[in-house]
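Notes follow the structure.
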Number of protein chains: 2
Amino acid sequence: MTKGAETRAAILDEAIAIASQVGFDALTIGQLAERTDMSKSGLFAHFKSKEQLQLQALERARERFIDVVVRPALATRRGEKRARALFDGWLAWIEGALPGGCVFIAAAAEVDDRPGPLREAVVRHERDLMEMITTVAGTAVDEGEWRTDLDLDQFGFEMYGVLLAHHHAFRLMHDARAIERTRAAFESLVARSRARSDAIT
Amino acid sequence: MTKGAETRAAILDEAIAIASQVGFDALTIGQLAERTDMSKSGLFAHFKSKEQLQLQALERARERFIDVVVRPALATRRGEKRARALFDGWLAWIEGALPGGCVFIAAAAEVDDRPGPLREAVVRHERDLMEMITTVAGTAVDEGEWRTDLDLDQFGFEMYGVLLAHHHAFRLMHDARAIERTRAAFESLVARSRARSDAIT
């Protein structure tokens with residue numbers, strides 16, 4: 001990375017840390033200036049508008065998600081092992097990648113009723129995530145580990161539901177058994193996805 | 001209801017409609033004054049502070065949730081039928097009770113990193129909801145329809161995950177198949193909860 005790209009990444013990392021805690025709406029150039037010891041006018045010259053800052057922060061979060069969750073999963077053997085790696089990476093992302101939890105879940109709640117570029121960017125990202133889940137689940141079908149009639153979109157929907165329930169139990173409810181409940185739900189989903197011969201019933 | 005209570009309920013209904021769309025943080029006495037044609041000073045005299053307005057709006061949302069979701073479920077026969085009624089009422093709540101969707105999901109995303117009375121109220125409410133699910137699921141066990149070894153807390157966790165996934169698919173993604181996916185996930189959960197003799201495998 002060039003020096004400029006490094007500075008930009010560091011500023012945006014601070015921006016997504018703030019957004020994970022207070023949301024994208026409350027993320028302002030003024031607040032970012034305070035936290036990064038940079039001048040407000042310098043940041044403003046760089047990002048032009050609050051919306052540009054939000055969009056670039058979201059893009060940076062996407063890069064971080066790929067590093068923390070997607071890349072390690074894709075480095076794992078195709079099949080159920082890879083689906084498990086994706087799930088584990090995602091849990092780590094929710095639990096500790098940013099101080100306020102998953103910034104995409106925070107963004108989703110904010111933008112769902114507000115048309116505009118930020119909403120479109122969040123939806124595009126979520127669509128990519130869903131396709132990532134179905135593609136990885138598809139490798140387990142290809143490898144003969146999971147049922148050939150598995151509905152991959154349904155798998156994706158249910159896996160995402162488990163992740164959302166984890167975020168809720170862990171971050172809002174501070175439920176000491178959150179991880180145990182989450183793993184049990186995922187194991188049940190995996191068992192139901194397996195080829196009949198090794199189905200756990 | 002007395003005239004005063006009616007007015008209060010009407011104002012708070014407007015407050016939760018706003019909060020469902022923009023969140024509790026962006027809900028201000030000024031904005032509420034505009035939407036209700038009441039004076040800001042009158043509203044301020046009544047609610048004293050933004051926090052009191054937020055807390056009373058959350059309490060009003062809780063009353064509405066009981067009317068729309070809990071009461072009809074409890075009027076249904078104990079057992080699986082009641083669990084289905086609870087789930088159906090909840091879907092209706094997410095899809096259409098308020099213009100911006102479920103106000104509790106909106107509140108959860110806002111308060112999870114912010115200690116204080118609003119967070120405590122949201123957590124209390126969510127705990128009640130979870131107990132409502134486990135109690136209703138328990139009636140299906142008592143009636144002999146569901147397995148005696150069913151883990152009720154796990155059932156609650158997974159049902160809530162399905163509801164969160166529905167909110168996400170329906171409100172953010174505008175997924176035309178959201179309801180179909182949601183119902184399939186719930187049917188799978190019900191089938192896994194049934195007593196072995198009528199288990200669908």
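Rounded to the nearest 20, the Cβ-based charge dipole of the protein assembly as shown about its Cα centre (Lys and Arg +1, Asp and Glu -1) stands at 120 debye. Residues B:Thr139, B:Thr7, ordered by accessible area of protein heavy atoms at a 1.4 angstrom probe radius and largest first, appear as B:Thr7, B:Thr139.
Placing one equal scatterer on every Cα of the stretch B:1-157 and applying the Debye formula, the log10 ratio I(q)/I(0) at q = 0.17 Å⁻¹ is -0.99.
The Cα center of the stretch B:37-66 and the Cα center of the stretch B:146-164 differ in position by 34 Å. Relative to the other identical copies, A:Ile66 shows label-point distances of 5.1 nm, where the label point lies 7 Å from Cα along the Cβ direction and values run shortest first. In this assembly, the A-B interface accounts for approximately 3300 Å² of buried accessible surface in total, computed with a 1.4 Å probe and without ligands, DNA or RNA. About its Cα centre, the dipole of chain A is roughly 300 debye, where the only charges are +1 on Lys and Arg Cβ and -1 on Asp and Glu Cβ.
Within the stretch B:85-165, the proportion of Cα pairs with more than 14 Å between them is 68 percent. For the stretch A:91-201, the fraction of 1.4 Å probe accessible surface lying on carbon and sulfur atoms is 53 percent. Of the residues A:Tyr160, A:Gly96, B:His166, the one whose Cα sits farthest towards the positive end of the charge dipole of the protein assembly as shown is A:Gly96 (charges of +1 on Lys and Arg Cβ, -1 on Asp and Glu Cβ, taken about the Cα centre).
In the calculated pair-distance distribution of the stretch A:33-98, the portion above 20 angstrom amounts to 47 percent of the Cα-Cα pairs. According to the Kirkwood relation over distinct C-alpha pairs, the hydrodynamic radius of the protein assembly as shown is 22.6 Å. Distances, shortest first, from the label point of B:Thr28 to those at the same position in the other copies read 1.1 nm; the point lies 7 Å along Cα to C-beta.
In this simple spin-label approximation, B:Thr135 and B:Lys81 carry label points 7 Å from Cα along the Cα→Cβ vector, and these lie 2.0 nm apart. Taken about its Cα centre, the stretch B:1-92 carries a charge dipole of about 460 debye when Lys and Arg each add +1 at the Cβ and Asp and Glu each add -1 at the Cβ. Each other copy holds its own label point for B:Gly96; taking that point as 7 Å from Cα along Cα to Cβ, the gaps run 4.6 nm, nearest first. Each other residue within a Cβ distance under 15 Å of B:Gly161 adds +1 if Lys or Arg and -1 if Asp or Glu, for a net charge of -1.
Spatially close Lys pairs in the protein assembly as shown, defined by Cα atoms under 16 Å apart and a spacing of eight or more places or different chains, total 4.
Applying 1/(1 + (r/R0)^6) with R0 = 25 Å to the Cβ-Cβ distance of B:Val123 and B:Ser49, what FRET efficiency is obtained, to the nearest 0.05? Don't jump to the answer; show the numbers that get you there.
On the way: r = 21 Å, r/R0 = 0.82.
For R0 = 25 Å, the calculated efficiency reads 0.75.
Rounded to the nearest 10 degrees, the inclination of helix A:178-193 to the longest alpha-carbon principal axis of chain A is 50 degrees. Annotation: per residue accessible area for the stretch B:1-126 equals 44 Å², rounded to a whole number [probe 1.4 Å, protein chains only]. Subtracting the Cα-Cα distance of A:Ser41 and A:Thr7 from 0.36 nm times their residue separation leaves 10.7 nm of extension gain. Only DSSP H runs of four or more residues enter the estimate; each adds -39500 (n - 2.57), and after division by the residues of chain B the mean residue ellipticity at 222 nm equals -21500 deg cm²/dmol.
Comparing each chain alone with all protein chains together (probe 1.4 Å, DNA, RNA and ligands left out), the residues of the stretch A:21-60 losing at least 30 Å² of accessible area are A:Gln21.
The values are calculated or read from the model by the stated rules, or taken from the named source; none is laboratory data. Every value quoted in this text rests on a predicted model; they were computed, and no experiment measured them. As a convention, Cβ positions derive from the backbone with ideal geometry for all residues, glycine included, and neighbour counts pool all protein chains shown. Side chains included, ligands, DNA and RNA excluded: accessible areas come from the protein's heavy atoms. Shrake-Rupley method; radii C 1.70, N 1.55, O 1.52, S 1.80 Å.
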